[in-house]
1. Where does each of 191-201, 125-135 land if you order them by average Cβ count within 10 Å, highest first?
2. Exceeding 24 Å between C-alpha atoms, which entries from my cross-link table qualify? They are Lys17/Lys76; Lys72/Lys120; Lys15/Lys147; Lys17/Lys147; Lys72/Lys191; Lys15/Lys202.
3. Can you work out the PRE-style zone for Ser170? Point 7 Å along Cα to Cβ, and I want the residues of the range 1-28 with backbone N under 18 Å.
4. Would you mind giving the three semi-axes, in whole Å and largest first, of the ellipsoid equivalent to the range 29-134 according to its Cα gyration tensor?
5. Let me check I've understood the local charge: for Ala127, count other residues with C-beta under 12 angstrom from its C-beta, Lys and Arg +1, Asp and Glu -1. What total comes out?
6. Counting only heavy atoms of protein chains, what accessible area per residue, in Å², does the range 29-134 have with a probe of 1.4 Å?
7. Once phi is turned into θ = phi - 60°, what whole-Hz ³J(HN,Hα) does the Karplus curve with 6.51, -1.76 and 1.60 give for every residue of the range 33-49, x standing for Gly and Pro?
8. For the range 91-106, just list the computed ³J(HN,Hα) in residue order, Karplus coefficients 6.51, -1.76 and 1.60, θ = phi - 60°, integers in Hz, with x standing in for Gly and Pro.
Amino acid sequence: MDTMSVYHALLEHHKTKGWWPIDHDFFPREFEIIAGAILTQNTNWINVEKALKGLEDAGLTSPEALSNANIKEIEKSVRPSGFFRQKAQRLKIFSVFIMDFGSFENFSESVTREELLSQKGIGPETADSILLYALGRRSFVIDAYTKRIFTRLGFQCFRTYDEWREFFESNVTEDAGLYREYHALIVEHAKAHCRVKPICEKCPLGSVCARKF
Ligand code: SF4
């Protein structure tokens with residue numbers, strides 16, 4: 001089975017996910033994705049939702065507002081996400097970084113992956129999530145779920161994040177829209193079937209999976 005066959009099997013089973021969820025009133029809308037990508041580190045999405053709502057209630061919904069906000073006010077808003085002091089600081093620093101481009105549009109068009117990675121608290125998974133979901137760039141997101149599923153399926157197990165990313169980007173040659181869907185399906189599949197203790201019964205990949213439970 002190749003990577004696109006896995007994609008089609010997951011899509012048929014889980015249906016389209018339409019990621020990334022945008023449920024709040026941020027401006028621009030893509031900035032909610034960036035805030036969510038920073039807030040989701042080391043916590044679950046329920047807590048991220050509460051923090052996004054906190055930012056919305058405080059009117060801290062744009063790079064401009066966050067870059068000018070008092071750090072204590074940001075901390076209060078994002079407290080439910082855990083590590084709230086660290087995350088408040090990262091949100092503010094990242095907002096200043098966006099504003100340094102002059103506008104969100106300029107940032108969106110010209111920021112590079114390397115520039116994102118040079119920001120405090122932005123690792124490769126967060127950078128690729130921002131590139132793919134907020135900026136519409138063709139950048140494959142690798143997470144623990146991706147590694148777990150594809151290792152169990154019998155694909156080569158790579159050592160580094162960049163090796164995993166290069167593997168997907170050279171084997172999945174479609175556009176950013178499909179990349180978005182593919183990552184969402186991987187997350188869905190890891191939660192529904194390929195958990196730490198997998199539920200292999202009725203798994204759409206069961207007939208080709210190398211791991212036997
Ligand atoms: S068969 Fe089991 S281990 Fe293999 S992908 Fe499905 S859930 Fe994961």
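1. Working: 191-201: 12.9, 125-135: 22.3.
Packing proxy ranking, top to bottom: 125-135, 191-201.
2. Values: Lys17/Lys76 32 Å; Lys72/Lys120 19 Å; Lys15/Lys147 21 Å; Lys17/Lys147 20 Å; Lys72/Lys191 35 Å; Lys15/Lys202 15 Å.
With Cα atoms farther than 24 Å apart: Lys17/Lys76; Lys72/Lys191.
3. Residues 2-4 fall inside that zone.
4. Working: eigenvalues 80, 47, 28 Å².
Over the Cα atoms of the range 29-134, the semi-axes work out to 20, 15, 12 Å.
5. Values: positive: Arg113, Arg137, Arg165; negative: Glu114, Glu115, Glu125, Asp128, Asp162.
Neighbourhood net charge equals -2.
6. Values: 4760 Å² over 106 residues.
Accessible area per residue, the range 29-134: 45 Å².
7. 5, 5, 4, x, 5, 6, 6, 6, 5, 6, 8, 9, 5, 4, 5, 5, 4
8. 4, 5, 4, 5, 5, 4, 4, 4, 4, 5, 7, x, 6, 5, 4, 4
The values are calculated or read from the model by the stated rules, or taken from the named source; none is laboratory data. Model, not experiment: these values are computed from the prediction. With ideal geometry, Cβ positions are generated from the backbone for all residues, glycine too; neighbour counts draw on all protein chains shown. We work out accessible area using only protein heavy atoms, side chains counted, and drop any ligands, DNA or RNA first. Shrake-Rupley method; radii C 1.70, N 1.55, O 1.52, S 1.80 Å.
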